[in-house]
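One structure below.
The values are calculated or read from the model by the stated rules, or taken from the named source; none is laboratory data. Model, not experiment: these values are computed from the prediction. Positions of Cβ are generated from backbone atoms using ideal geometry, with glycine treated the same way; all protein chains shown enter the neighbour counts.
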Amino acid sequence: MNRFLSGVVPVLLLSTSACAQTREVRQDRRDLAQDHRELRQDRGETRDDRRDRAEAATLLRRYDAAMARRDVGALAALDAEALREMDAELAESHRESARDAAETARASGEVARSGHERNTTAGPLARADDRRDLRDDRRDRRDDVRDARAERGDRAHVRAIRADFAALSGQMNPGSVHRKRTLLADFLARAGNELATDGAERREDHREVREDRREKREDLR
């Protein structure tokens, strides 16, 4: 009986280890698929932000031209157009915040999984890999939390610009017109800042792809 058990136990341990490895590899594949979805979203957001910056720049040029002509009718029409652009930007920001929240939740899940792997893995080499994976996942979660905070800050900025612009909309005295022009320049400047942020997020997501590929290679060993 003891000889039978001594033969069965190693087989069970090997089977359990193989099942755990299979689960980890499947999770690695899911993580990589999600990484590539986020990269596609990054590219889409960059296209949208480039379009938004071009539209804001065009709006400011048209406003300057209308100011130079003292064209009150054109200025009134541009007031309404500016508010529509700001409303569209706020709606887009809300959608991006929803994606940021989902990414942060996924990052928290990866931190939890990495912590579990670190606590249950045997062998010094595997434990060292798991400590590095946990450190990387915690950094990725910090990045996602920071990105979400930056998006909320940008939305608050746009909301403040819109509120000030709406309060002056339709007013054509020189002080109001020049103040609105300043607000439009501010709106254009933050569009440029959005593009810079997009570039940083793309670099972070490319790094996550590299890390998840490395994890997959480690789990296949």
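Which residue pairs have Cβ atoms closer than 7 Å, lie 6 or more positions apart in sequence or on different chains, and pair a first residue in the range 79-105 that is free of Cβ contacts under 8 Å to residues at least 60 places away in the same chain and closer than 21 Å to ARG40 by Cβ with a second residue that is among the β-branched types (Val, Ile, Thr) and surrounded by fewer than 19 Cβ atoms within 10 Å (Cβ to Cβ)?
Listed by first residue and then by second, the contacts come to THR104/VAL145.
The rows are residues; the columns are (1) in contact with a strand residue (DSSP E or B) (Cβ under 6 Å, 6 or more places away or on another chain); (2) surrounded by fewer than 17 Cβ atoms within 10 Å (Cβ to Cβ); (3) at pLDDT below 75; (4) among the polar types (S, T, N, Q).
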position: ARG3; (1), (2), (3), (4): no, yes, yes, no
position: SER17; (1), (2), (3), (4): no, yes, yes, yes
position: ASP28; (1), (2), (3), (4): no, no, yes, no
position: ASP35; (1), (2), (3), (4): no, no, yes, no
position: ALA91; (1), (2), (3), (4): no, yes, no, no
position: ALA101; (1), (2), (3), (4): no, yes, no, no
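Within the range 33-61, can you find the residues that are among the acidic types (Asp, Glu) and over 20 Å from ASP100 (Cβ atoms)?
GLU55
Working carefully through the options ASP147, ASP154, ASP136, find the one that is surrounded by 18 or more Cβ atoms within 10 Å (Cβ to Cβ) and modelled with pLDDT under 85.
Answer to the selection: ASP136.
Please indicate, with yes or no, whether at least one residue in the range 204-220 is closer than 26 Å to ALA66 by Cβ, surrounded by fewer than 16 Cβ atoms within 10 Å (Cβ to Cβ) and at pLDDT below 95.
There is no residue in the range 204-220 that is closer than 26 Å to ALA66 by Cβ, surrounded by fewer than 16 Cβ atoms within 10 Å (Cβ to Cβ) and at pLDDT below 95.
Being at pLDDT 95 or above and in contact with an Asp or Glu (Cβ under 6 Å, 6 or more places away or on another chain) is the requirement here; does SER169 meet it?
Criteria met by SER169.
Can you confirm whether GLU55 is at pLDDT below 85 and surrounded by 13 or more Cβ atoms within 10 Å (Cβ to Cβ)?
Answer is no for this residue.
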